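The values are calculated or read from the model by the stated rules, or taken from the named source; none is laboratory data. Keep in mind that this is a model prediction, so the values were computed, not measured. Here the Cβ positions follow ideal geometry from the backbone for every residue, glycine too, while neighbour counts run over all protein chains shown.
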Amino acid sequence: MEYVWDRVDEVGAPEELVEVQEGLESWDVVRAYRGAMRELTGAVGVLDLGAGPGGETTYVGMDNSLAMARRALARGRRMVVGDATALPFADAAFAAVRADRVFQHLAHPVRALAEAARVARPGGPVVVADPDQSTLLIDAGGCPLAAEVTEFRRTHVRNADFAGRAADAFETAGLIDVGARRWRLTLTDPARAFGIITWGQAMVEEGLFDRRQCREWEQALAAGPFRYQLDYVVTVGFRAA
Ligand SMILES: C[S@@+](CC[C@H](N)C(=O)[O-])C[C@H]1O[C@@H](n2cnc3c(N)ncnc32)[C@H](O)[C@@H]1O
């Protein structure tokens, strides 16, 4: 399985991944849960972990991708390039730590969470958002192949279930007063659904669909009606004072 989001600079066209992230900034559900994250962190002294193009970076962002950091810098953000699992910051250096759709991609999410807790000041919040892929529901006019496509999507996210168990991971990391809230994304246009129009072909390449199944799926997508539903989870915990 090839995951791209934790090695953006190594893929053929990192700029395209930067554009994908910037494009999501205007989505209603993204704006809604980001607003809730902002209320929890405030804007002062916040470390934005895996900041990407820096849409929500108010103080310092960090990312392991130069392409992402360059875009954030061009938008006037302060960026550090480094790895979320080994933060180049002192203990208690930040008033708050946030990470938006980063933990789902990390090979070592527990280690990164320990680092986030370490650099938050005592009493400061750590706020993490990720989609919970176990809630993913795809329907294309009742086509029975949707179940296989849904599974394909889930197995292409490294930590597809992290959002659902983030609260437990927060408590294991020693964070206190842990809570979580969900927002539901519903898309009815396949052209907006994370490239789903290309997944049939990708499944053929991975030996999961034959050509007939690919055609059947693509026809179902074109005919509609279409529904892509997914819950986003924001989890918060506080470093003990
Ligand atoms: C889905 S994007 C989200 C970007 C940004 N948080 C946003 O909301 O626009 C995931 C980001 O995490 C970064 N990332 C992935 N693995 C990382 C790691 N180990 N350390 C730091 N950043 C990482 C990626 O480069 C990418 O910018």
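Just a few scattered comments:
This table checks each residue for (1) loosely packed, with under 14 Cβ neighbours inside 10 Å; (2) among the polar types (S, T, N, Q); (3) closer than 24 Å to VAL178 by Cα.
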residue: ASP6; (1), (2), (3): no, no, no
residue: GLY12; (1), (2), (3): yes, no, no
residue: ALA67; (1), (2), (3): no, no, no
residue: MET79; (1), (2), (3): no, no, no
residue: THR85; (1), (2), (3): no, yes, yes
residue: ALA93; (1), (2), (3): no, no, yes
residue: PRO109; (1), (2), (3): no, no, yes
residue: LEU113; (1), (2), (3): no, no, yes
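- Qualifying residue in the stretch 54-61 (condition: within 27 Å of THR155 (Cα to Cα) and near the ligand (Cβ under 8 Å from one of its atoms)): no
- If you go through the stretch 139-177 and pick out every residue that is within 14 Å of the chain's Cα centre (by Cα) and of a type in the set (S, T, N, Q), you end up with 1.
- If you go through the stretch 1-19 and keep only what is assigned to a loop (DSSP other than H, G, I, E, B) and either within 14 Å of ALA107 (Cβ to Cβ) or modelled with pLDDT of 95 or more (or both), you end up with MET1, GLU2, TYR3, VAL4, TRP5, ASP6, ARG7.
- Restricted to helices (runs of 4 or more DSSP H) entirely inside the stretch 64-179, those with at least 1 residues that are touching a helix residue (DSSP H, G or I) at 6+ places or on another chain (Cβ under 8 Å), farther than 30 Å from ARG212 by Cα and within 16 Å of the ligand (Cβ to nearest atom) are 66-74, 109-119, 162-172.
- Residue that is nearest to VAL60 (Cα to Cα), among those in the stretch 20-44 that are assigned to a loop (DSSP other than H, G, I, E, B) and within 13 Å of the ligand (Cβ to nearest atom): GLU25
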